[in-house]
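A.B. asks: Let me begin by handing over the structure; questions about it come next.
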Amino acid sequence: MMELDGNALAGDLREVFATDMTGAVFTCAGCAHTGVLATLRVWQPAPGLVGRCPHCTDVVLRLVRTPTRVFLTLTGATRLELPLEP
Amino acid sequence: MGIISRGFGGRRREPQPGLPPGQYLTHDFPVLSAGPTPRIPLDKWNFSIVTETGEKHSWNWAEFTALPAEEFTVDIHCVTKWSKFGTTWKGVALDTLFEDVESAADYTMAHSYGGYTTNVPLDDLLDGKAWVVYEFDGEPLHPEHGGPARLIVPHLYFWKSAKWVNGLQMLNDDEPGFWETGGYHMYGDPWREQRYQGD
Ligand SMILES: [Zn+2]
């Protein structure tokens, strides 16, 4: 075993983040409910997108776009699960 | 139409007195919500200030509305770029609420019904700079606009003026609230265009 820096994640993360995420399964940090991201209740013309758990209404994710950056905050999700391409 | 609108056709607007950089003037009152609108019966409503040592000062609706109230008119500036001039509110100055509060902490976290939070330094709440209001334009504050009561901190972007506010937690260190965690600025001064982290 050896300790590497974050560059070692490049390939795996590209696989995760370059795919349609709406089919990814989230686990809600508030109530442990699991469901695909497409089932989130999204509140929109806020200062950003707010995705709430359909079971407990806790915030699962926040997405804020600026003219030059995008912030994705996932503190409300303990896990995202994605199927791998066969 | 008696007025030729300057800046029509995408030209840069001339700076208008009272309008911070990057903002435009609106006469509507847009409603921005990050979640369902909480409906709080007045007999269940409560507002509290909790100090860094855990000491709690609390007001129910009758106690709160019996406090000396002020009517005031201010301009408000939303980070989504609209500004609205001359909005009139009625409520209790934070100076009044903090009169008997003993605290050495410099920061606060505002908490709301529905779970919203936003951080504001204590200095920005005192000396006539902030209120907890329960009337807008002479009418009870509508739930969509944050009623029964909301914070108003007009010199900061409007996300700091927490709707449905129900308390302030005193903090020794500045901590991010809901939108600050999501990428918005910790302080949010519209005159310095502090919209996002790093601005
Ligand atoms: Zn949940």
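The values are calculated or read from the model by the stated rules, or taken from the named source; none is laboratory data. The structure presented is a predicted model; accordingly, all values stated were derived computationally and were not measured. Note that we place each Cβ from the backbone using ideal geometry, even for glycine, and neighbour counts take in every protein chain shown. With ligands, DNA and RNA removed, areas are computed over all heavy atoms of the protein, side chains included. Shrake-Rupley method; radii C 1.70, N 1.55, O 1.52, S 1.80 Å.
A.B. asks: Roughly speaking, to the nearest percent, how much of segment B:87-187's 1.4 Å accessible area is carbon and sulfur?
C.D. replies: Percent of accessible area from carbon and sulfur atoms in segment B:87-187: 45.
A.B. asks: Can you tell me the accessible area per residue over segment A:6-81, all protein chains present, probe 1.4 angstrom, in square angstrom?
C.D. replies: So segment A:6-81 comes to 60 Å² accessible per residue, rounded to a whole number.
A.B. asks: Nearest 100 Å², what total accessible surface is buried between chain A and chain B (probe 1.4 Å)?
C.D. replies: 1500
A.B. asks: State, to one decimal in nm, how far the label point of B:E63 lies from the label point of B:N46, with both points 7 Å from Cα in the Cβ direction.
C.D. replies: Distance between label points: 1.0 nm.
A.B. asks: Then there is this: Please compute the Kirkwood hydrodynamic radius of segment B:44-199 from all pairs of different C-alpha atoms, in Å with one decimal.
C.D. replies: 15.5
A.B. asks: Counting only protein heavy atoms, probe 1.4 Å: which residues of segment B:17-35 lose 40 Å² or more of accessible surface in the full assembly compared with their chain by itself?
C.D. replies: Buried by 40 Å² or more upon assembly, which counts only protein chains, are B:L32, B:S33, B:A34.
A.B. asks: Sort B:H27, B:H155, B:H57 by heavy-atom solvent-accessible area, probe 1.4 angstrom, most to least.
C.D. replies: B:H27, B:H155, B:H57
A.B. asks: Could I ask something else about it? Once phi is turned into ³J(HN,Hα) by the Karplus curve 6.51 cos²θ - 1.76 cosθ + 1.60 with θ = phi - 60°, what whole-Hz value does each residue of segment A:69-76 show in order, with x for glycine and proline?
C.D. replies: 9, 10, 10, 10, 10, 10, 4, x
A.B. asks: Turning to a different aspect of this structure: Once label points are set 7 Å from the Cα along Cα→Cβ at both B:F29 and B:L126, what is their separation, rounded to one decimal in nm?
C.D. replies: Result: 3.0 nm between the two label points.
A.B. asks: Accessible area drop of at least 30 Å² (1.4 Å probe, protein heavy atoms): which residues of segment B:154-199 qualify, relative to the chain alone?
C.D. replies: Buried on complex formation: B:F178, B:W179, B:T181, B:G182, B:Y184, B:Y196, B:Q197.
A.B. asks: When the accessible area of segment A:44-86 is split by element with a 1.4 Å probe, what percent falls to carbon and sulfur?
C.D. replies: Of all accessible area on segment A:44-86, carbon and sulfur atoms account for 56 percent.
A.B. asks: Calculate the translational D of segment A:1-84 in whole µm² s⁻¹ from Stokes-Einstein, where the hydrodynamic radius comes from the Kirkwood formula applied to all Cα pairs, the temperature is 10 °C and the viscosity 1.306 mPa s.
C.D. replies: Estimated diffusion coefficient is 113 µm²/s.
A.B. asks: So, one more: Unpartnered cysteines of the protein assembly as shown (Cβ-Cβ under 4.7 Å counts as a partner)?
C.D. replies: B:C78
A.B. asks: I need the Kirkwood Rh of the protein assembly as shown: take the reciprocal of the average 1/r across all distinct C-alpha pairs and report it in angstrom.
C.D. replies: After inverting the pairwise mean of 1/r, the radius is 21.0 Å.
A.B. asks: Taking H placed 1.01 Å from N in the peptide plane, check which residues at least 5 places from B:L25 or on another chain put their amide H under 5 Å from its amide H.
C.D. replies: When sequence neighbours closer than 5 places are left aside, the close amide H contacts are B:S83.
A.B. asks: Using a loss threshold of 20 Å², tell me which positions in segment A:42-57 are less accessible in the complex than in their chain alone. Probe radius 1.4 Å, ligands and nucleic acids ignored.
C.D. replies: The answer is A:W43, A:P45, A:A46, A:P47, A:V50, A:R52.
A.B. asks: Let me ask something else. Give me the 1.4 Å probe accessible area per residue for segment B:119-158, excluding ligands and nucleic acids, in Å².
C.D. replies: Dividing the accessible area of segment B:119-158 by its residue count gives 34 Å².
A.B. asks: Note the full-extension length gain between A:N7 and A:M21 as 0.36 nm times their separation in residues minus their Cα-Cα distance, in nm to one decimal.
C.D. replies: Full extension of this stretch gives 2.8 nm more.
A.B. asks: Give a quick list of trypsin sites (Lys or Arg not before Pro) in segment B:155-199 that DSSP marks as loop, anything other than H, G, I, E or B, with at most 14 other Cβ atoms within 10 Å.
C.D. replies: For trypsin sites (Lys or Arg not before Pro) across segment B:155-199 that sit outside H, G, I, E and B with at most 14 neighbouring Cβ atoms in 10 Å, the list is empty.
A.B. asks: So, in Å, what gap is there between the alpha-carbon centers of segment B:56-74 and segment A:7-86?
C.D. replies: Measuring centre to centre over Cα atoms gives 40 Å.
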